[in-house]
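K.L.:
Here's a structure for you.
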Amino acid sequence: MNRHNSEQYTKIKKSHFFNSVFVQPGVYSCAIDCFLEVSTYLFLPVLSKLSARSQFPELLFAAASDYQNQGGNPSLLAGIREPVWSYLRERCSSFQARDCNASFSQIFEEKTFGKLNPDEVSLFATQRLFESYCPTCNKNVNLNSNIFLTYVSQSGLEKFRYDKISWPLYVSSIHTEPGKLRCGNCRSLTDEPLATSVVNSKFLFIEFAPEALAGLIMYDKIEVGNCWYNLKTLVRCYQSHFTCGIVSDQKWLYFDDLLQTVREFPSLEAMQRDIPGGWFFAVFELNGHSSSTNRIEMPVSQDYEMSHKFDSFNVNVKSPHKT
Ligand SMILES: [Zn+2]
(Lines give C-alpha, C1' and ligand atoms only; values in the text may rest on other atoms or scores of the structure.)
Protein backbone atom coordinates (compact mmCIF):
# COMPACT_ATOMS: atom_id res chain seq x y z
CA MET A 1 0.00 0.00 0.00
CA ASN A 2 1.31 3.44 -0.90
CA ARG A 3 2.02 5.34 2.33
CA HIS A 4 1.37 8.67 0.65
CA ASN A 5 -1.96 7.59 -0.72
CA SER A 6 -4.76 9.59 0.90
CA GLU A 7 -6.80 6.40 1.29
CA GLN A 8 -4.76 4.25 3.61
CA TYR A 9 -7.59 2.00 4.63
CA THR A 10 -9.40 -1.00 3.28
CA LYS A 11 -13.17 -0.96 3.26
CA ILE A 12 -14.42 -4.18 4.74
CA LYS A 13 -17.87 -5.70 4.97
CA LYS A 14 -18.53 -6.43 8.60
CA SER A 15 -21.71 -6.34 10.61
CA HIS A 16 -21.86 -3.38 12.96
CA PHE A 17 -24.38 -1.18 14.72
CA PHE A 18 -26.19 1.40 12.61
CA ASN A 19 -27.37 4.75 13.92
CA SER A 20 -30.99 4.76 15.09
CA VAL A 21 -31.51 8.01 13.17
CA PHE A 22 -31.92 5.92 9.98
CA VAL A 23 -35.20 4.50 11.32
CA GLN A 24 -36.22 7.10 13.93
CA PRO A 25 -35.57 10.71 12.87
CA GLY A 26 -34.12 12.77 15.72
CA VAL A 27 -33.01 9.71 17.72
CA TYR A 28 -29.23 9.28 17.77
CA SER A 29 -27.41 6.20 18.99
CA CYS A 30 -23.77 6.81 18.09
CA ALA A 31 -22.55 6.95 21.72
CA ILE A 32 -24.18 3.65 22.68
CA ASP A 33 -23.19 2.09 19.34
CA CYS A 34 -19.52 2.88 20.00
CA PHE A 35 -19.83 1.53 23.51
CA LEU A 36 -21.31 -1.75 22.25
CA GLU A 37 -18.56 -2.18 19.63
CA VAL A 38 -15.97 -1.64 22.37
CA SER A 39 -17.80 -4.00 24.74
CA THR A 40 -17.93 -6.74 22.11
CA TYR A 41 -14.29 -6.57 21.06
CA LEU A 42 -12.76 -5.88 24.48
CA PHE A 43 -15.07 -6.92 27.30
CA LEU A 44 -16.87 -9.97 25.89
CA PRO A 45 -13.80 -12.27 25.96
CA VAL A 46 -13.22 -11.57 29.66
CA LEU A 47 -16.88 -11.34 30.72
CA SER A 48 -17.49 -14.77 29.20
CA LYS A 49 -14.91 -16.26 31.58
CA LEU A 50 -16.63 -14.97 34.74
CA SER A 51 -18.57 -17.52 36.77
CA ALA A 52 -21.02 -14.84 37.97
CA ARG A 53 -22.00 -11.51 36.48
CA SER A 54 -23.79 -8.54 38.06
CA GLN A 55 -26.56 -6.61 36.33
CA PHE A 56 -24.59 -4.28 34.04
CA PRO A 57 -21.85 -6.78 33.07
CA GLU A 58 -24.58 -9.37 32.37
CA LEU A 59 -26.41 -6.88 30.11
CA LEU A 60 -23.17 -6.18 28.23
CA PHE A 61 -22.35 -9.87 28.01
CA ALA A 62 -25.80 -10.72 26.61
CA ALA A 63 -25.77 -7.88 24.07
CA ALA A 64 -22.19 -8.54 22.95
CA SER A 65 -22.72 -12.31 22.57
CA ASP A 66 -25.96 -11.79 20.63
CA TYR A 67 -24.19 -9.26 18.41
CA GLN A 68 -21.37 -11.68 17.76
CA ASN A 69 -23.71 -14.61 17.10
CA GLN A 70 -26.48 -13.03 15.06
CA GLY A 71 -25.16 -9.69 13.86
CA GLY A 72 -25.88 -8.42 10.37
CA ASN A 73 -29.58 -7.74 10.41
CA PRO A 74 -30.07 -4.05 11.35
CA SER A 75 -33.42 -4.59 13.05
CA LEU A 76 -32.00 -7.46 15.12
CA LEU A 77 -29.09 -5.22 16.09
CA ALA A 78 -31.47 -2.49 17.25
CA GLY A 79 -33.16 -5.07 19.48
CA ILE A 80 -29.79 -6.20 20.87
CA ARG A 81 -28.83 -2.59 21.60
CA GLU A 82 -32.05 -1.58 23.35
CA PRO A 83 -31.61 -3.22 26.83
CA VAL A 84 -28.17 -1.64 27.32
CA TRP A 85 -29.39 1.70 26.00
CA SER A 86 -32.39 1.60 28.28
CA TYR A 87 -30.14 0.83 31.28
CA LEU A 88 -27.93 3.81 30.41
CA ARG A 89 -30.93 6.12 30.01
CA GLU A 90 -31.93 5.28 33.58
CA ARG A 91 -28.50 6.02 35.03
CA CYS A 92 -26.80 8.58 32.79
CA SER A 93 -28.70 11.85 32.52
CA SER A 94 -27.17 12.78 29.18
CA PHE A 95 -28.51 9.59 27.57
CA GLN A 96 -32.15 10.19 28.52
CA ALA A 97 -33.13 12.31 25.54
CA ARG A 98 -31.52 9.95 22.96
CA ASP A 99 -30.44 13.09 21.11
CA CYS A 100 -27.04 14.52 20.15
CA ASN A 101 -26.11 15.44 23.72
CA ALA A 102 -25.04 12.11 25.17
CA SER A 103 -21.81 12.28 27.14
CA PHE A 104 -19.87 9.10 26.38
CA SER A 105 -17.79 9.16 29.55
CA GLN A 106 -20.88 9.14 31.80
CA ILE A 107 -20.94 5.39 31.11
CA PHE A 108 -17.63 4.99 32.92
CA GLU A 109 -18.76 6.14 36.33
CA GLU A 110 -19.13 3.96 39.39
CA LYS A 111 -22.88 4.57 39.61
CA THR A 112 -23.38 3.37 36.02
CA PHE A 113 -21.54 0.11 36.61
CA GLY A 114 -23.59 -0.37 39.76
CA LYS A 115 -22.83 -3.08 42.28
CA LEU A 116 -20.05 -5.31 40.95
CA ASN A 117 -18.56 -8.53 42.27
CA PRO A 118 -14.80 -8.54 43.06
CA ASP A 119 -13.84 -10.11 39.72
CA GLU A 120 -15.77 -7.43 37.85
CA VAL A 121 -14.28 -4.60 39.90
CA SER A 122 -10.81 -5.86 39.01
CA LEU A 123 -11.73 -5.63 35.32
CA PHE A 124 -13.00 -2.07 35.33
CA ALA A 125 -11.53 -0.19 38.31
CA THR A 126 -8.11 0.32 39.85
CA GLN A 127 -8.45 -0.45 43.56
CA ARG A 128 -6.36 1.59 45.95
CA LEU A 129 -5.78 1.44 49.67
CA PHE A 130 -4.09 4.28 51.49
CA GLU A 131 -2.93 4.59 55.06
CA SER A 132 -2.20 7.66 57.11
CA TYR A 133 -2.24 8.93 60.66
CA CYS A 134 -4.40 11.57 62.37
CA PRO A 135 -2.28 13.48 64.90
CA THR A 136 -5.42 15.02 66.50
CA CYS A 137 -7.13 11.69 67.21
CA ASN A 138 -3.92 9.72 67.61
CA LYS A 139 -5.10 6.99 65.31
CA ASN A 140 -4.55 5.41 61.91
CA VAL A 141 -6.65 6.56 58.97
CA ASN A 142 -7.27 4.17 56.06
CA LEU A 143 -8.93 4.86 52.74
CA ASN A 144 -10.14 2.39 50.16
CA SER A 145 -11.10 3.87 46.78
CA ASN A 146 -11.68 2.74 43.20
CA ILE A 147 -10.95 4.63 39.98
CA PHE A 148 -13.09 3.87 36.93
CA LEU A 149 -12.30 6.83 34.66
CA THR A 150 -9.20 9.02 34.63
CA TYR A 151 -9.68 12.53 33.31
CA VAL A 152 -6.63 14.24 31.81
CA SER A 153 -6.97 18.02 31.77
CA GLN A 154 -4.50 20.87 31.40
CA SER A 155 -5.03 21.97 35.01
CA GLY A 156 -4.58 18.42 36.26
CA LEU A 157 -1.28 18.09 34.38
CA GLU A 158 -0.12 21.44 35.74
CA LYS A 159 -0.99 20.47 39.31
CA PHE A 160 1.46 17.58 39.01
CA ARG A 161 3.91 19.68 36.94
CA TYR A 162 3.72 17.39 33.90
CA ASP A 163 3.80 18.64 30.34
CA LYS A 164 1.31 17.34 27.80
CA ILE A 165 3.52 14.64 26.30
CA SER A 166 3.98 13.17 29.80
CA TRP A 167 0.28 12.48 30.31
CA PRO A 168 0.94 8.76 31.04
CA LEU A 169 3.00 9.81 34.08
CA TYR A 170 0.05 11.90 35.24
CA VAL A 171 -2.30 8.92 34.85
CA SER A 172 0.12 6.77 36.83
CA SER A 173 0.31 9.41 39.57
CA ILE A 174 -3.47 9.58 39.80
CA HIS A 175 -3.66 5.82 40.16
CA THR A 176 -0.94 5.45 42.76
CA GLU A 177 -0.65 8.68 44.76
CA PRO A 178 -3.18 9.31 47.49
CA GLY A 179 -3.58 13.10 47.37
CA LYS A 180 -4.84 14.28 50.73
CA LEU A 181 -6.72 12.28 53.33
CA ARG A 182 -9.13 13.77 55.82
CA CYS A 183 -9.80 12.07 59.14
CA GLY A 184 -13.38 10.76 59.26
CA ASN A 185 -13.55 11.48 62.97
CA CYS A 186 -12.26 15.05 63.37
CA ARG A 187 -12.19 16.10 59.66
CA SER A 188 -8.65 17.45 59.89
CA LEU A 189 -6.04 16.61 57.24
CA THR A 190 -3.92 13.64 58.15
CA ASP A 191 -0.17 13.21 58.00
CA GLU A 192 1.48 12.29 54.71
CA PRO A 193 -0.61 9.38 53.35
CA LEU A 194 1.03 6.24 51.95
CA ALA A 195 -0.34 3.96 49.26
CA THR A 196 -0.32 0.53 50.86
CA SER A 197 -2.00 -1.35 48.05
CA VAL A 198 -2.78 -0.59 44.41
CA VAL A 199 -4.38 -3.31 42.32
CA ASN A 200 -4.40 -2.38 38.67
CA SER A 201 -7.55 -2.98 36.66
CA LYS A 202 -7.69 -5.06 33.49
CA PHE A 203 -9.02 -2.07 31.53
CA LEU A 204 -8.02 1.54 31.89
CA PHE A 205 -10.38 4.29 30.74
CA ILE A 206 -8.88 7.69 30.01
CA GLU A 207 -10.70 10.81 28.87
CA PHE A 208 -8.83 13.84 27.52
CA ALA A 209 -10.21 17.32 28.07
CA PRO A 210 -10.73 19.37 24.87
CA GLU A 211 -7.81 21.69 25.66
CA ALA A 212 -5.54 18.66 26.21
CA LEU A 213 -6.33 17.24 22.74
CA ALA A 214 -4.44 19.74 20.58
CA GLY A 215 -1.03 18.24 19.86
CA LEU A 216 -1.71 15.25 22.08
CA ILE A 217 0.52 12.25 21.40
CA MET A 218 -1.31 8.94 21.68
CA TYR A 219 0.91 6.10 22.86
CA ASP A 220 0.17 2.49 22.06
CA LYS A 221 1.76 1.35 25.31
CA ILE A 222 1.88 3.10 28.70
CA GLU A 223 3.08 2.16 32.18
CA VAL A 224 0.73 2.77 35.09
CA GLY A 225 1.64 1.77 38.63
CA ASN A 226 4.21 -0.91 37.66
CA CYS A 227 1.97 -2.37 34.96
CA TRP A 228 2.13 -2.12 31.20
CA TYR A 229 -1.03 -1.32 29.30
CA ASN A 230 -1.65 -1.58 25.55
CA LEU A 231 -3.94 0.80 23.69
CA LYS A 232 -6.97 -1.10 22.40
CA THR A 233 -9.60 1.49 21.57
CA LEU A 234 -9.91 5.18 20.76
CA VAL A 235 -13.27 6.93 20.70
CA ARG A 236 -13.71 10.07 18.66
CA CYS A 237 -16.20 12.88 18.99
CA TYR A 238 -16.26 15.17 16.00
CA GLN A 239 -19.04 17.52 14.93
CA SER A 240 -21.43 16.00 17.48
CA HIS A 241 -20.85 12.45 16.27
CA PHE A 242 -19.17 9.51 18.03
CA THR A 243 -17.08 6.97 16.15
CA CYS A 244 -14.44 4.54 17.37
CA GLY A 245 -11.28 2.71 16.41
CA ILE A 246 -10.63 -0.76 17.85
CA VAL A 247 -7.55 -2.97 17.60
CA SER A 248 -8.31 -6.34 16.03
CA ASP A 249 -5.61 -8.74 14.79
CA GLN A 250 -3.02 -5.95 14.94
CA LYS A 251 -5.08 -3.76 12.61
CA TRP A 252 -7.27 -0.81 13.55
CA LEU A 253 -10.96 -1.18 12.69
CA TYR A 254 -12.81 2.13 12.40
CA PHE A 255 -16.53 2.02 13.15
CA ASP A 256 -18.85 4.81 12.07
CA ASP A 257 -22.53 3.94 12.59
CA LEU A 258 -23.55 6.33 9.79
CA LEU A 259 -21.50 4.37 7.23
CA GLN A 260 -22.20 1.00 5.61
CA THR A 261 -18.62 -0.24 5.73
CA VAL A 262 -15.98 -0.60 8.41
CA ARG A 263 -12.53 0.76 7.57
CA GLU A 264 -9.42 -1.23 8.35
CA PHE A 265 -6.17 0.65 8.93
CA PRO A 266 -2.70 -0.91 9.13
CA SER A 267 -1.74 1.24 12.14
CA LEU A 268 -2.90 3.82 14.66
CA GLU A 269 -0.87 6.47 12.81
CA ALA A 270 -2.61 5.70 9.54
CA MET A 271 -6.02 5.93 11.18
CA GLN A 272 -5.27 9.22 12.92
CA ARG A 273 -3.72 10.67 9.78
CA ASP A 274 -6.77 9.80 7.72
CA ILE A 275 -9.29 10.79 10.41
CA PRO A 276 -7.66 13.61 12.36
CA GLY A 277 -8.91 15.32 15.50
CA GLY A 278 -11.45 14.58 18.18
CA TRP A 279 -9.92 11.35 19.61
CA PHE A 280 -10.83 12.13 23.20
CA PHE A 281 -11.28 8.76 24.91
CA ALA A 282 -8.87 5.83 25.19
CA VAL A 283 -9.22 2.30 26.51
CA PHE A 284 -6.05 0.46 27.46
CA GLU A 285 -5.78 -3.20 28.41
CA LEU A 286 -3.39 -4.66 30.97
CA ASN A 287 -0.50 -6.42 29.31
CA GLY A 288 1.69 -7.41 32.21
CA HIS A 289 3.55 -6.27 35.29
CA SER A 290 6.77 -4.36 34.87
CA SER A 291 7.77 -5.47 38.35
CA SER A 292 6.52 -8.18 40.68
CA THR A 293 5.32 -5.82 43.39
CA ASN A 294 2.09 -4.31 42.11
CA ARG A 295 0.12 -5.53 45.07
CA ILE A 296 0.69 -5.15 48.80
CA GLU A 297 -1.92 -6.65 51.07
CA MET A 298 -3.09 -4.58 54.03
CA PRO A 299 -6.08 -4.80 56.36
CA VAL A 300 -9.00 -2.66 55.15
CA SER A 301 -11.02 -0.10 57.07
CA GLN A 302 -13.48 2.15 55.28
CA ASP A 303 -14.68 4.47 58.00
CA TYR A 304 -12.70 7.40 56.68
CA GLU A 305 -13.13 9.48 53.59
CA MET A 306 -11.02 11.26 51.08
CA SER A 307 -10.91 15.04 50.91
CA HIS A 308 -12.87 16.69 48.09
CA LYS A 309 -9.68 18.21 46.82
CA PHE A 310 -8.57 14.84 45.53
CA ASP A 311 -11.93 13.83 44.07
CA SER A 312 -11.65 16.52 41.44
CA PHE A 313 -8.73 14.67 39.83
CA ASN A 314 -10.52 11.60 38.73
CA VAL A 315 -14.02 10.19 38.74
CA ASN A 316 -17.29 11.99 38.15
CA VAL A 317 -15.82 14.92 36.30
CA LYS A 318 -18.46 16.48 34.11
CA SER A 319 -17.58 15.86 30.52
CA PRO A 320 -17.67 18.68 27.99
CA HIS A 321 -17.87 16.18 25.12
CA LYS A 322 -21.22 15.79 23.40
CA THR A 323 -22.39 13.53 20.65
ZN1 LIG B 1 -8.84 12.85 63.61
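The values are calculated or read from the model by the stated rules, or taken from the named source; none is laboratory data. Since we're looking at a predicted model, the values are computed, not measured. Here the Cβ is made from the backbone with ideal geometry for all residues, glycine too, and neighbour counts use every protein chain on show.
K.L.:
How many of the residues making up segment 4-55 are basic (Lys, Arg), touching a helix residue (DSSP H, G or I) at 6+ places or on another chain (Cβ under 9 Å) and closer than 17 Å to Leu76 by Cβ?
P.N.:
0
K.L.:
Hey, among Ser197, Ser166, Ser172, which residue is assigned to a strand (DSSP E or B), small (Gly, Ala, Ser) and more than 16 Å from the ligand (Cβ to nearest atom)?
P.N.:
Going through Ser197, Ser166, Ser172 in turn, just one is assigned to a strand (DSSP E or B), small (Gly, Ala, Ser) and more than 16 Å from the ligand (Cβ to nearest atom): Ser197.
K.L.:
Starting from segment 125-137, take each residue that is small (Gly, Ala, Ser) and list its partners that are within 16 Å of the ligand (Cβ to nearest atom), counting only C-beta distances under 6 angstrom and pairs at least six apart or across chains.
P.N.:
Within 6 Å, the pairs are Ser132/Val141; Ser132/Leu181; Ser132/Thr190; Ser132/Asp191; Ser132/Pro193.
K.L.:
Please verify whether segment 252-269 includes one or more residues that are among the hydrophobic types (A, V, I, L, M, F, W, C), free of Cβ contacts under 8 Å to residues at least 40 places away in the same chain and in a strand (DSSP E or B).
P.N.:
Taking every residue of segment 252-269 in turn, at least one turns out to be among the hydrophobic types (A, V, I, L, M, F, W, C), free of Cβ contacts under 8 Å to residues at least 40 places away in the same chain and in a strand (DSSP E or B).
K.L.:
If the Cβ limit is 8 Å and pairs must be 6+ apart or interchain, which residue in segment 177-205 that is under 16 Å from Lys139 (Cα atoms) and of a type in the set (Lys, Arg) pairs with which residue that is more than 10 Å from the ligand (Cβ to nearest atom) and outside any strand (DSSP E or B)?
P.N.:
Here the result reads Arg182/Ser307, each pair linking segment 177-205 to a residue that is more than 10 Å from the ligand (Cβ to nearest atom) and outside any strand (DSSP E or B).
K.L.:
OK, next. Looking at Asp191, Asp99, can you tell me which residue is acidic (Asp, Glu), on the phi < 0 side of the Ramachandran plot and within 16 Å of the ligand (Cβ to nearest atom)?
P.N.:
Exactly one of Asp191, Asp99 is acidic (Asp, Glu), on the phi < 0 side of the Ramachandran plot and within 16 Å of the ligand (Cβ to nearest atom), namely Asp191.
K.L.:
Hey, any hits in segment 115-138 for a residue that's in a strand (DSSP E or B), of a type in the set (A, V, I, L, M, F, W, C), within 16 Å of the ligand (Cβ to nearest atom) and at pLDDT below 95?
P.N.:
yes
K.L.:
Tally time: how many residues in segment 56-73 are out of contact with any helix residue (DSSP H, G or I) (no Cβ under 8 Å at 6 or more places or on another chain), part of a helix (DSSP H, G or I) and not charged (D, E, K, R)?
P.N.:
So the answer is 1.
K.L.:
State whether the residues of segment 105-119 include one that is surrounded by 19 or more Cβ atoms within 10 Å (Cβ to Cβ) and touching a strand residue (DSSP E or B) at 6+ places or on another chain (Cβ under 8 Å).
P.N.:
Looking for residues that are surrounded by 19 or more Cβ atoms within 10 Å (Cβ to Cβ) and touching a strand residue (DSSP E or B) at 6+ places or on another chain (Cβ under 8 Å), one finds at least one in segment 105-119, hence yes.
K.L.:
Checking the conditions here, which among Lys232, Lys202 is over 23 Å from Ser166 (Cβ atoms), of a type in the set (D, E, K, R) and either surrounded by 15 or more Cβ atoms within 10 Å (Cβ to Cβ) or at pLDDT below 95 (or both)?
P.N.:
Within the list Lys232, Lys202, the selection yields Lys202.
K.L.:
What single numbered condition from (1) surrounded by fewer than 21 Cβ atoms within 10 Å (Cβ to Cβ); (2) touching an Asp or Glu at 6+ places or on another chain (Cβ under 9 Å) fails to hold for Glu177?
P.N.:
It is condition (2) that Glu177 fails.
Each row is one residue, and each column tells you yes or no for (1) modelled with pLDDT under 95; (2) farther than 30 Å from Arg161 by Cα; (3) in contact with a Ser or Thr (Cβ under 9 Å, 6 or more places away or on another chain); (4) not small (Gly, Ala, Ser).
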residue	(1), (2), (3), (4)
Asn226	yes, no, yes, yes
Ile246	no, yes, yes, yes
Phe265	no, yes, yes, yes
His289	yes, no, no, yes
Ser292	yes, no, no, no
Ser301	yes, yes, no, no
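K.L.:
Can I ask one more? If only one of Gly215, Gly179 is modelled with pLDDT under 95, assigned to a loop (DSSP other than H, G, I, E, B), away from the ligand (no atom under 15 Å from the Cβ) and touching a Pro at 6+ places or on another chain (Cβ under 9 Å), which one is it?
P.N.:
Gly179
K.L.:
Against the definition (aliphatic (A, V, I, L, M), touching a strand residue (DSSP E or B) at 6+ places or on another chain (Cβ under 7 Å) and assigned to a helix (DSSP H, G or I)), how does Ala78 come out, yes or no?
P.N.:
no
K.L.:
Return the residues of segment 139-162 that are over 20 Å from the mean Cα position of the chain (by Cα), outside any helix (DSSP H, G or I) and over 17 Å from Glu223 (Cβ atoms); say none if nothing qualifies.
P.N.:
Lys139, Asn140, Val141, Asn142, Leu143, Asn144, Arg161, listed by residue number.
K.L.:
Search segment 56-65 for residues being closer than 18 Å to Gly79 by Cβ and touching a residue at least 24 places away in the same chain (Cβ under 8 Å), and hand back the single one that is surrounded by the fewest Cβ atoms within 10 Å (Cβ to Cβ).
P.N.:
Within segment 56-65, the match that is surrounded by the fewest Cβ atoms within 10 Å (Cβ to Cβ) is Leu59.
K.L.:
I would also like to ask the following. Taking the conditions exactly as written (within 16 Å of the ligand (Cβ to nearest atom), among the basic types (Lys, Arg) and surrounded by fewer than 22 Cβ atoms within 10 Å (Cβ to Cβ)), does Arg161 satisfy them or not?
P.N.:
So Arg161 fails the test.
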